[in-house]
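The values are calculated or read from the model by the stated rules, or taken from the named source; none is laboratory data. Remember, it's a predicted structure, so these values are computed and weren't measured experimentally. Cβ sites come from the backbone with ideal geometry, for glycine too, and all protein chains shown count toward neighbours. Surface areas here come from the heavy atoms of the whole protein model, side chains and all, with no ligands, DNA or RNA. Shrake-Rupley method; radii C 1.70, N 1.55, O 1.52, S 1.80 Å.
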Amino acid sequence: MTLQQLFQQIGAQPGLLLFYFAGIPAAAILAGLLGKNEGHLSPWKYLYAVLIYLVSIPGVFAVAPNIYFFVFQHGNVMEMDVYMQILPVVVMLVTIFIISKNVRLALIPGFGKIAGLWFMLFATMAFMWFLEKIHIVVFSYMPITVLLGIFVVLFVLIYLGWRRFIA
């Protein structure tokens, strides 16, 4: 099964996907109402951390193929899959906004790590885009397995370089 076939199969049956992405912001709203001004305390901050991870992982994994689709393949905006490419990103942003109304995001356990992951992913994609634009490497014609391998290697190198720079 290819990634495209998986996305088509999920997009063909959007009920569970819509339930998942509607339930997380609803849970954030409910937690905000029940734990008003207590978001920094023990049970609520862990609930918020779980909710952020539940939307951030699909959101980040929706952004990465979008960047690949538009930057490397020069895709058409009108061909975007709403359920797989737009919904996860919108729900991620809305959920983080809802949570930030009740608690400072810096107080949520692990939020710094997920923000670091976002930064590392976007830095890697920007570096790959730069390499393609100056015609050192043409990623558009590579098989997806090779492209993912290069992405992982660049991600690890940028991660190690960043850790060495900070330490």
Find how many whole Å separate the alpha carbon centroid of the range 137-167 from the alpha carbon centroid of the range 2-73.
25 Å
Signed unit charges on C-beta, dipole axis of the range 42-163, positive-most listed residue A49, I150, P65:
A49
Dipole magnitude of the chain, debye to nearest 20 (Cβ charges: Lys/Arg +1, Asp/Glu -1, about Cα centre):
580 debye
Surface/4 of the Cα convex hull for the range 99-139, nm²
3.8 nm²
Once both labels are modelled 7 Å past Cα along the beta-carbon direction, what's the E38-A123 spacing in nm?
3.9 nm
Could you compute the FRET efficiency for A26 and I136, with r as their C-beta to C-beta distance and R0 at 41 Å, rounded to 0.05?
0.30
Determine the per residue accessible area of the chain with all protein chains present and a 1.4 angstrom probe, expressed in square angstrom.
63 Å²
Identify which of A22, A64, A12 has the largest mean-square fluctuation in a Gaussian network model of the chain, with springs joining Cα atoms closer than 10 Å.
A12
Taking the simple approach of a point 7 Å from Cα along Cα-to-Cβ for both Q13 and V90, what is their distance in nm?
2.4 nm
Please compute the Kirkwood hydrodynamic radius of the range 48-147 from all pairs of different C-alpha atoms, in Å with one decimal.
15.0 Å
In whole percent, how big is the carbon plus sulfur part of the accessible area of the chain, probe 1.4 Å, protein atoms only?
73 percent
For the range 93-167, run through the chymotrypsin sites (Phe, Trp or Tyr not before Pro) and keep only the ones in DSSP coil with at most 11 other Cβ atoms within 10 Å of their Cβ.
Y141
Once the Cα gyration tensor of the chain is diagonalised, semi-axes √(5λ) in Å:
32, 22, 11
Can you work out ³J(HN,Hα) from phi for every residue in the range 144-157, in order, using Karplus 6.51 cos²θ - 1.76 cosθ + 1.60 and θ = phi - 60°, giving whole Hz and x for Gly and Pro?
4, 5, 5, 4, 5, x, 5, 4, 5, 5, 5, 4, 5, 5
Assuming a ≥ b ≥ c are the square roots of the Cα gyration tensor eigenvalues, decide whether the range 94-167 counts as rounded (a/c under 1.5), prolate (otherwise, with a/b larger than b/c) or oblate.
prolate
